[in-house]
Every structure is written in structure tokens, then in C-alpha cells.
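To start, the structure itself, in C-alpha cells.
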Amino acid sequence: MEEDPYIWLENLEDLNVKRFIEKHNERFREFIGDLSKRFENDLWTYYKVPIILNFEPTERGIYILTREMDGHKVKLLHWDGELEELASSKSLGKYAIITDIYASEDGSKLGFHYSEAGEDEGTLRIIDAEDKEVIDELKGVVENIMWIDETRYYYTRFYRLGRAPDGAKAPVERIILRDVSAGKEEIVFGTQYGTNYLMNLVKTWDPEKVLISVDYGWVRSVVYGGLRADPSTWRMIFNGRDYRALPVGFSNDSAYIVYYDGEGLGRILRVLDDKIEEVVKEDKYPLRKALLVKDKIYAEYLVDASSRIRVYDLNGKLINEYSFSQPSTIRLMKFFKDKVYCSIETFTRPPSVNIIEDESIKEIHGYEVDMSIAISVREEWTKSSDGTPIHMFIIEDKTKSLGRAVVYGYGGFAFSLTPFFSPLVLTLVKQGYVFVVANLRGGGEYGEKWHRMGMRENKQNVFEDYKAVLKHIRSKGLKTIGLGSSNGGLLIAATLTQAPELLDVALIGYPLTDMLRFHKLYIGNLWTTEYGNPDDPKDRAFLEKYSPYHNIKRGVKYPPTLVFTGLHDDRVHPGHAFKFVAKLEEVGAPVYLRVETVSGHRGASPEVKIKELADIIAFMEKAVSTPWQ
């Protein structure tokens with residue numbers, strides 16, 4: 001393999017890199033002119049609708065995290081219906097965003113994590129919910145707060161770089177017990193696990209107990225359990241060995257766990273000491289998550305990437321089932337006392353908070369959107385190169401058409417592309433674009449086997465699935481615009497280098513492109529569990545075959561391409577984007593680069609995001625109407 005001619009673009013402090021960014025941003029602005037302004041009003045219309053990102057039911061009411069037109073906000077929906085604002089991202093910094101919330105069961109304490117411009121590294125602030133006084137504050141990638149009593153809580157800390165205090169090489173995670181009154185903390189769990197292990201505390205309906213999942217990347221799991229107040233009691237209760245396992249809850253002394261062995265669709269086990277019983281067998285649909293509340297198990301299944309809920313008794317007897325009139329997503333499912341709450345989202349309606357009653361699901365809090373378009377959502381199928389059926393959602397306004405389709409994909413990390421509310425999608429559909437969401441292997445839409453069929457040496461399957469969707473859409477006489485971010489950016493970049501003739505425009509966001517060096521940049525080593533390790537010759541062989549950066553060729557007619565990233569992305573290094581653009585330019589491809597100076601992998605403030613999205617739409621418009629050599 002030849003030396004990397006553009007490795008210098010990985011140094012974000014280099015003045016030459018800063019000039020590279022400035023030059024390309026200027027060139028991009030010259031290309032799109034003031035066309036972006038045409039789309040900003042429509043984007044603002046949909047951004048005005050509050051999006052519920054998270055919620056926590058407590059004694060005081062339901063804490064809700066929203067993204068609104070003027071920033072991210074934390075509110076308390078009192079049980080009497082009164083809505084009280086507790087925190088706003090605007091008071092935390094011009095470009096700050098609030099990324100998560102954590103509340104104690106009695107509602108007296110509220111924690112929220114915020115970061116500058118969407119960075120992973122940020123600040124966790126804990127306040128007294130009554131007087132809003134700051135109780136505690138932590139810096140870094142800290143999350144998963146669980147209170148023990150008035151002054152003590154657990155949290156997980158993700159060590160991104162260097163080493164954990166116990167010497168384990170990053171990336172690695174640990175569970176820490178912090179005592180606010182004493183001003184001290186200690187690692188109480190995880191030191192037996194090394195690099196690439198992630199940990200999660202799971203609150204159970206039994207308030208005296210806790211479950212802990214330990215995951216090696218996105219591949220396999222071990223589950224621990226014990227007394228919530230005493231980490232010395234935490235013992236391994238289930239070893240998933242080669243498969244993932246998901247804690248559900250405790251009933252008496254038995255732990256309930258979803259296990260993804262067999263066909264990888266998920267079955268529910270009851271574990272007591274060395275005795276393991278199957279309570280709910282594998283279905284033909286994947287079981288995505290489950291809660292045990294009192295004497296029932298609430299399980300969410302995906303049916304062609306849309307959510308259903310089934311309720312079982314503790315012996316696996318089906319009690320009830322809930323489905324929806326249109327493709328929907330149960331984004332969150334939480335409990336408080338004996339009640340279960342969930343957020344429900346569709347392509348045309350933002351997430352709402354709901355309570356699951358015996359015979360129905362009732363909305364507690366939500367926001368309406370004025371749909372001025374005759375939007376249609378339907379589902380279609382095609383076949384991949386090896387005959388595997390591939391599902392897709394197609395969203396459009398049947399009253400108008402520009403003859404163009406934006407084809408969105410991801411295909412990795414067992415992440416499922418289920419229905420989602422998006423200002424970008426609605427703005428595009430209003431303009432006359434068709435928006436296609438492709439459910440590719442590597443995701444979780446059809447279970448763990450589906451995920452594994454698209455990871456490591458099988459990653460090429462993901463690209464073949466996506467190509468099949470592009471061919472299907474092109475057969476309808478539509479131009480195809482590829483769109484993906486992060487792992488989805490890798491998807492579009494790989495498709496661009498393998499089958500450029502299938503794309504009329506490529507939109508590559510916050511991407512991985514150098515699959516031989518990704519493990520050396522930021523937290524990239526964590527992803528070796530998903531992609532393979534470039535330092536292993538066997539893995540390097542299949543990574544090299546598709547690595548987009550290494551497969552750009554001279555003499556190929558590439559479609560107009562926009563690569564976009566953010567300087568505050570501390571998860572996927574912006575160098576991936578810069579190097580890919582530089583190499584495409586070297587072979588004369590029509591490529592443009594847009595670098596947002598105040599955006600990260602977790603997102604950006606609404607005004608920054610709207611400008612980015614408006615620019616992306618403007619590039620599409622200009623790219624399809626410009627004659628290219």
C-alpha cells in the first residue's frame with residue numbers, strides 16, 4: 001500500500017488544514033450562491049415544532065427534553081398538566097445543545113448533559129429541581145445517572161483517549177459511585193474489562209436491585225445484577241458468550257433477559273442462579289427492547305421496521321398487543337411505579353409521550369404539525385444482488401414531483417432506520433422530492449443475524465443492498481441522490497467509488513472514508529468490533545477492498561458530490577472528509593466540501609443546523625441542473 005499523501009489533513013491545528021477548509025468553504029458558497037435562502041423558511045416551519053428527545057417520569061411529574069426553534073429545553077410536565085421550563089441551551093452557550101436528561105425517582109434532582117456545538121465531550125450538571133441550584137457538575141463523556149440516595153449516585157464515564165485510572169487502554173467505560181456530600185468518587189465496576197467494552201446501568205422495577213449490561217462493542221454481552229445500593233453484591237448472572245443480551249428486569253430473585261442467539265431475533269429468558277428457562281420464544285419479528293413492570297413484560301417488536309408492542313405475563317403468555325395505523329416508532333419505553341410510558345413518532349408527526357393502559361395507548365403530551373402537503377408513506381421491496389429482500393419506506397407528495405429521489409441509508413451497528421420526524425424530509429417532499437429510507441443489512445431491522453450479515457467481512461452486503469435500492473428507484477424514471485451520515489456517510493462514499501453511475505448526486509455527511517486508519521483517529525478503535533481491525537492482515541484485506549479513500553480511481557466519471565462535516569465532531573474525525581475530498585479533486589471529480597465550524601456528531605443548535613440543511617438542499621438543486629463535464 002502506497003504512503004498516504006493526504007495524512008497531513010488529519011492535523012486540525014495545522015495552518016495549511018485551516019486554509020484548506022477556508023478555501024473549500026468559499027468555493028462551496030460560490031457554487032450555491034444565495035439559493036439556500038429559498039429553503040430556510042420551510043425548514044424553520046418544521047423546526048418550530050418541538051421535538052421530544054427524551055423524558056423521565058417521576059413523583060413530581062414527567063421531565064421532558066425538547067429541541068425547539070430557539071434551542072434545547074428541559075421542562076417539567078407536572079401531573080396536573082402545568083408545564084414548567086427548568087433549563088435552556090441558550091443560557092449555557094451560544095452554540096450549546098442539551099443531549100440528555102436524568103432524574104431521580106422522587107423528581108427532586110435533575111441531571112442534564114450539554115456540550116458545545118454537538119461534541120461528545122461535555123458537561124453533566126445536576127440541579128435541585130425545586131430551586132434550580134447546581135448540586136454537582138462533571139466534565140467529559142458522562143451519562144447513565146442512577147441515584148442511590150439523597151447524596152450518592154452512579155454514573156458511567158467513557159474514557160475516549162489515553163487510559164482509564166485503572167490502566168485500561170481507551171476507548172473503555174467504567175461505572176463510578178459519586179458521593180456529592182463527601183466530594184469524592186470511586187470506580188465500583190468494570191475494571192475486569194479492557195478496551196472496547198461499554199457498560200450500562202439498567203433501572204429495574206424492583207427498586208432494591210439493579211442490572212448492568214457489559215457489551216463488547218455491538219457484538220456480545222454479559223449481564224450482571226445485584227443490590228442497587230451495594231456494588232459488592234454485583235455478580236455475573238448471564239454470559240451471552242458470542243451473542244448480545246439485553247437486561248429486562250427482576251421479579252423476585254429471577255432476572256429476565258432478551259438473548260439474541262439462534263436466528264438473532266431475540267427470545268426472553270428467566271435466569272435464577274444456574275437455572276435458565278425460555279419464557280418467550282423467538283418470533284419471526286425481531287424483539288428490540290423490553291421492560292418488566294410488576295407482573296408483566298412489555299416488549300417492542302419491529303415488523304418491517306415499524307414498532308409493535310406485545311404484553312406478556314411472567315410465564316410468557318400473551319396478554320395484549322398494540323399496533324398502529326401508520327408506520328411508527330416506539331423511540332423510548334420507560335416505567336414509573338406500575339405504569340409504562342413510551343414515545344411514539346411517525347414520518348408526519350413528532351414524538352409524543354404516551355401511557356400504555358390496559359386496552360389502549362393514550363397520549364399525555366405532544367405537538368401537532370401543520371401538514372400543508374399531501375404526504376404519502378408507503379412501503380416497497382426489492383432484491384439485493386444475492387436475492388435478499390430489501391425493504392424501504394417511500395415518502396412523497398403525490399400531487400407534485402421533480403422526478404428526483406433522495407435515497408437515505410445507514411446499514412450498521414444494529415441500528416434500525418424506523419419512521420422518524422424530520423424537517424429535512426418534510427421540506428424536500430414539499431419541494432417535490434421523493435424521500436426513500438432503505439433498510440439495509442448491518443442494521444437491526446430484522447434482528448442480530450441481519451446485523452451480522454452486514455458487518456466485518458460481510459460489509460459489502462450493505463453496499464449491494466443500497467445499490468439494489470438505487471436501481472429500483474431509478475427504474476421508476478427518477479434521478480437518485482444518495483444521502484447518509486457517519487456510518488451512512490461511509491455507505492454513500494463506498495457506493496460512489498463502486499457504482500458512481502447509480503448516483504446523480506452524492507451527499508456524504510460526517511463520514512468514515514479511510515478504513516485503514518479509522519482505528520487511529522479519536523474513538524475509532526471502538527469500531528473495530530463492527531468493521532474489523534486494520535492491523536490484522538485478514539481484516540485489512542477486506543477493509544482495503546471497499547475503503548472509499550483507497551478506491552478512488554482516475555478516468556472514472558463521478559457524479560457531483562458534496563462532503564459535509566463539522567469541526568466539533570470529536571467522534572468521527574473530520575480528516576476522513578478532508579482526505580476523501582482531496583483525493584477526489586486529484587482525479588478531477590466534481591466534488592465540494594462544506595465544513596461547519598460549530599457543529600459536531602451529536603448535532604448543532606437549530607439555527608446552525610437549518611443553515612447546513614438549507615445548503616445541502618441548495619447543492620442538490622444546483623448539482624442536478626448544472627451541466628458537468
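The values are calculated or read from the model by the stated rules, or taken from the named source; none is laboratory data. These numbers were taken from a predicted model, which means no experiment stands behind them. All Cβ positions, glycine included, derive from the backbone under ideal geometry; neighbour counts span all protein chains shown. Just the protein is used for accessible areas: all its heavy atoms, side chains included, with ligands, DNA and RNA removed. Shrake-Rupley method; radii C 1.70, N 1.55, O 1.52, S 1.80 Å.
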Hey, does segment 292-299 have a residue that's over 24 Å from Lys203 (Cα atoms) and either open to solvent by less than 20 Å² (accessible area, probe 1.4 Å) or in contact (Cβ under 8 Å) with a residue 12 or more places away in the chain (or both)?
no
Filter pass, Trp147 being open to solvent by 60 Å² or more (accessible area, probe 1.4 Å), out of contact with any helix residue (DSSP H, G or I) (no Cβ under 7 Å at 6 or more places or on another chain) and on the phi < 0 side of the Ramachandran plot
no
Subset of segment 454-466 [within 15 Å of Pro389 (Cβ to Cβ) and either touching a residue at least 60 places away in the same chain (Cβ under 8 Å) or touching a strand residue (DSSP E or B) at 6+ places or on another chain (Cβ under 8 Å) (or both)]:
Asn461, Glu464, Asp465, Tyr466
If you go through segment 346-353 one residue at a time, do you hit one that is open to solvent by less than 50 Å² (accessible area, probe 1.4 Å) and over 22 Å from the mean Cα position of the chain (by Cα)?
no
Inside segment 171-187, can you point out the residues that are open to solvent by less than 10 Å² (accessible area, probe 1.4 Å) and not in a strand (DSSP E or B)?
Pro171
Picked from segment 115-137 (must be closer than 14 Å to Ile101 by Cα and within 25 Å of the chain's Cα centre (by Cα)), the residue surrounded by the most Cβ atoms within 10 Å (Cβ to Cβ) is Gly122
Among the residues of segment 354-375, count how many are surrounded by 15 or more Cβ atoms within 10 Å (Cβ to Cβ) and over 23 Å from the mean Cα position of the chain (by Cα).
8
Residue check: is Lys553 farther than 27 Å from Ala414 by Cα, of a type in the set (D, E, K, R) and modelled with pLDDT of 95 or more?
yes
Determine whether Gly167 is assigned to a loop (DSSP other than H, G, I, E, B), in contact (Cβ under 8 Å) with a residue 24 or more places away in the chain and within 30 Å of Leu521 (Cα to Cα).
no
Give the number of residues within segment 252-279 that are under 19 Å from Trp205 (Cβ atoms) and not β-branched (Val, Ile, Thr).
8
